[in-house]
Structures are given as structure tokens and as C-alpha cells.
Amino acid sequence: MKNITFATIALAALVQTALAAGKCGTQTCSQSTPCCVGGYCNSNAQYCMPILCEAANSFSPSSCWNTAHCVKSNVAFGSPNAFAQIADYDGNPADAAFVSQFEPSNAKVVNGELQMALVKQNNGAGFGATVIGTRAFQYGTVTAVMRSGCASGGVVSSFIIRNEKVGDEIDFEFVGADTAT
């Protein structure tokens, strides 16, 4: 009798652990919406990109897209494969070197330059833009020409090189009160 009871308890614990492992917030991701981010499931880039996707909470660990390998590149935002809105990105880094992370997107390419805007919302708060790379960055040289168009003291423009897996990052931050630097 003790063996049966112990086996039943062990089986129940195993089933409960298996069910909890794939929980995405209050739901379980399905095969049609396999990727989990912040308690929600979906199948588009906002959910399946490796930087964003929570593999442990998704339909399966392989639901999240693989991190694209590093390649030598020179990205000019005037080229057609430099930038895409995240809703249009299909996971192929050859189609877009960078994507806008949020919707609505406040990032766009105009005259060969990436423009990122800070938009005032109805509640008075600002909603900016975040653009993320679609490939891993292991080492090398990064050059960026950027300028802040905002002269307000509370606005910070930044350029960040980040490794999401280990948490390393290099930040370049510019305070809006000084648009000359």
C-alpha cells in the first residue's frame, strides 16, 4: 500500500511540474501561437525573436527563433534590407538587420536615415522607439552617427550594445538638453 501511495504522489508531482513548465502567465502557448513574452502567446516576431522570447514558458523550447550568427556587415539605413517594422519581420536576418521592437512603432527610415520619435500620449507621457538588431554581436567595431532632436532636459537618447544572454551591455547616453554633442 505504501508503494502505491508513493508512486501516485510521485506521478502527480511529475504531471504538475510538466504542466507548470510551459505556463505563459495564466495560459499555455499552443502550436499555432507557440512563443511566450510577458504572459502572452503569439507567433510573430514580437514574441518569437530570441531576445524577447521566453523559451521555458513557450509551447516548446524550440518555438523561439534561433539567434542568427554574427556576420561582418555594414548597414546603411537607405538599403532595403536594413530595417523593418517588427510586424513585417519573418525571422530572416538577411531581410532586415534591425527591427522596431514596439507597436505602434515610432521608428522609420526617411531619406536613408533612421528616425526615432518620442510621441506624447493622451495621458501626457512620452512613448519612444526602440530598434534592435536581428543578429548576435560577439566582437568588432560599431560606428553610429546619431543626434538628438530634443532640447528637453528629461529626454535621453541612447545607443546600447547588449548581450541579453549574459546581461553585458555598453551604453552611450545623451541628455536632451545638449543637442550639440
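Derivation of every value follows stated rules applied to the coordinates shown; laboratory data play no part. The model shown is predicted, which means the values in this text are computed figures rather than measured ones. Neighbour counts run over all protein chains shown; Cβ positions are idealised from the backbone, glycine included.
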_Distance between modelled label sites at SER158 and ASN92, nm, 7 Å Cα→Cβ extension_ = 3.4
*Inter-label distance for GLN115 and THR130, nm, one decimal - labels placed 7 Å from Cα along Cα-to-Cβ*: 2.3
*Mind ranking 34-42, 78-86, 64-72 by how tightly packed they are, going by the mean number of other C-beta atoms within 10 angstrom, highest first?*
34-42, 78-86, 64-72
*Under a point spin-label approximation (7 Å from Cα along Cα-to-Cβ), what is the ALA56-VAL145 distance to one decimal in nm?*
4.5
*May I ask you to compute the full-extension gain from GLN27 to ASN122, defined as 0.36 nm times their residue separation minus their alpha-carbon distance, rounded to one decimal in nm?*
31.1 nm
*Under 5 Å between amide H atoms, partner at least 5 residues away or on a different chain: which partners does VAL109 have, H built in plane at 1.01 Å?*
GLN115
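Can you bin the range 33-148 into rounded, prolate or oblate? Criterion: square roots of the alpha carbon gyration tensor eigenvalues sorted a ≥ b ≥ c, rounded for a/c under 1.5, prolate for a/b above b/c, oblate for the rest. Mind showing how you got there, number by number?
Working: a/c = 2.09, a/b = 1.17, b/c = 1.79.
Taking the square roots of the gyration eigenvalues as a ≥ b ≥ c, the range 33-148 is oblate.
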*Which ³J(HN,Hα) values in Hz, rounded to whole numbers, follow from the phi angles of the range 131-143 under the Karplus curve 6.51 cos²θ - 1.76 cosθ + 1.60, where θ = phi - 60° and Gly and Pro get x?*
10, 10, x, 9, 10, 6, 10, 9, 7, x, 10, 10, 10
